[in-house]
Amino acid sequence: MSKAPIAIVGTGIAGLSAAQALHAAGQPVQLFDKSRGLGGRMASKRSDAGHLDLGTQYFTARDRRFTEAVRQWQTQGWVAEWSPNLYQSRSGQLSLSTDEQLRWVGVPRMSAIAAGLLGDLPVKLNCRITEAFRGEEYWKLVDAEGNNHGPFSQVIVAIPAPQASTLLASAPKLAAVAASVAMEPTWSVALGFAKPLETSLEACFVQDDSLDWLARHHSRPGRDDPLDLWVLHASSAWSRQHLDMARESVIEHLHGAFAELIDCVVPAPEFTLAHRWLYARPSQSHEWGALADAHLGLYACGDWCLSGRVEGAWLSGQEAARRLLEQL
Ligand code: FAD
Ligand code: NAI
């Protein structure tokens, strides 16, 4: 009989990183995701104005192992360097803020990385896992429709901490650690203009009441947008305070803040979209790498185990896979 696969819940960068490492070590895996598409916070949203990178805007690589992985992704054609005309805005003062930092984006969209990492690995999308339980020998998963999945030899839970704690109930210590992690929301808004805005600004770090970041979508390599699209991110504090605000009001407010900040005339947009990321980033970094109950065969990973960045999520997935493999 063939070996029972390892279940991985979550196809964000952490789950895919673990999946790739396990696959490379000859272990069968089965991935699950509640969404229609792969990539989690690195996904690109399909919209009337084309594919939009509403979550992860770019990423940096500082760890040697991650840097090597990113170089391989570059060779595969999944990522490219992005060097926007970078500004910052502090206390309403806009200034050029060029630096030497290497920044990466997926091409032609952020989700290309997830698609590349998945390759031919088996995945069930639109499948929200609500329970993970262990029988005498094997793990079973239950989804929101009441369907059973399994048997699995081990389970890796690769989803944001507040959602992970339920799936970690078989290991109360792990569940308690996940439950202790607070995550901050982010409102993300896209604006599309028929006529390109008359500015040289392509990305901007913002420090004001509501905005945190803004970027011109087509300044990234490989984008082919019919409109001049801009993505605006609200700060964590503003997003928390306006968590339940109607989407139209969020768009109106952030559009106003954008128009006040930028050095050109901003007309009414042709296209608008707002997306609320409830668990956008952990409120602080940790040094857990990944969580493990090796005896049970239950593991957890995600950006919240390290830093709230793509690099942290990828490293956490590698660590979950490493700890699982050392038990075999
Ligand atoms: P996720 O990407 O959240 O993946 C978890 C997956 O699990 C999701 O696909 C979800 O659908 C799925 N899932 C959840 N619950 C279940 C369930 N019960 N059953 C099945 N599937 C489930 N990082 C940077 O480095 N640079 C940036 O510029 C940057 N900008 C950001 C901007 C925004 C607005 C946001 C939200 C994040 C940003 N980040 C950025 C952070 C970065 O996106 C994350 O650190 C990283 O993508 C997290 O990956 P992950 O795999 O840990 O989690
Ligand atoms: P990075 O080194 O480019 O940026 C880190 C931080 O340094 C920035 O947030 C900014 O405050 C500052 N900074 C960097 N370059 C600057 C410049 N030229 N001028 C002015 N300020 C500058 O990238 P890193 O360390 O990989 O961080 C990832 C980015 O992802 C950060 O910007 C972070 O805020 C963002 N992020 C956003 C989330 C959200 O929910 N909106 C979630 C997680 C990360």
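Brief remarks on what is shown
- Tally, over region 66-84, of residues that are surrounded by 16 or more Cβ atoms within 10 Å (Cβ to Cβ) and touching a strand residue (DSSP E or B) at 6+ places or on another chain (Cβ under 7 Å): 7
- Among (1) in contact with a strand residue (DSSP E or B) (Cβ under 9 Å, 6 or more places away or on another chain); (2) open to solvent by 50 Å² or more (accessible area, probe 1.4 Å), the one test that Y87 misses: (2)
- Within region 138-175, the set of residues being hydrophobic (A, V, I, L, M, F, W, C) and within 13 Å of A320 (Cβ to Cβ) comprises V155, I156, V157, A158, I159, A164, L168, L174.
- Lone unmet requirement of (1) hydrophobic (A, V, I, L, M, F, W, C); (2) away from ligand 2 (no atom under 16 Å from the Cβ); (3) farther than 30 Å from L296 by Cβ for I8: (3)
- Considering V142, V123, the condition of being within 11 Å of ligand 1 (Cβ to nearest atom), open to solvent by 40 Å² or more (accessible area, probe 1.4 Å) and of a type in the set (A, V, I, L, M, F, W, C) is satisfied by V123 alone.
- Some residue of region 91-111 being closer than 16 Å to Q30 by Cα and in contact with a Lys or Arg (Cβ under 9 Å, 6 or more places away or on another chain): no
- Scanning region 225-247 turns up at least one residue that is surrounded by fewer than 20 Cβ atoms within 10 Å (Cβ to Cβ) and modelled with pLDDT under 95.
- Some residue of region 260-278 being within 16 Å of ligand 2 (Cβ to nearest atom) and of a type in the set (K, R): yes
- One residue from D48, D63 being over 24 Å from E319 (Cβ atoms), open to solvent by 30 Å² or more (accessible area, probe 1.4 Å) and over 14 Å from the mean Cα position of the chain (by Cα): D48
- Region 279-305 - residue that is open to solvent by less than 10 Å² (accessible area, probe 1.4 Å) and within 24 Å of P151 (Cα to Cα) and, of those, nearest to ligand 1 (Cβ to nearest atom): G302
- Filtered residues of region 149-198 (kept if part of a loop (DSSP other than H, G, I, E, B) and open to solvent by 20 Å² or more (accessible area, probe 1.4 Å)): S153, Q154, I159, P160, A169, S170, S180, A182, A194, K195, P196, E198
- Selection within region 306-328 - more than 8 Å from ligand 1 (Cβ to nearest atom), closer than 21 Å to S180 by Cβ and either touching a residue at least 60 places away in the same chain (Cβ under 8 Å) or surrounded by 24 or more Cβ atoms within 10 Å (Cβ to Cβ) (or both): L306, L315, A320
- Restricted to region 1-88, the set of strands (runs of 3 or more DSSP E) holding at least 2 residues that are at pLDDT 95 or above comprises 6-9, 29-32, 79-81.
The values are calculated or read from the model by the stated rules, or taken from the named source; none is laboratory data. None of these values were measured; they are calculated from a predicted model. Reconstructed Cβ throughout: ideal geometry from the backbone, glycine too, with neighbour counts over all protein chains shown. The area values use the complete protein model at the heavy-atom level, side chains included, leaving out ligands, DNA and RNA. Shrake-Rupley method; radii C 1.70, N 1.55, O 1.52, S 1.80 Å.
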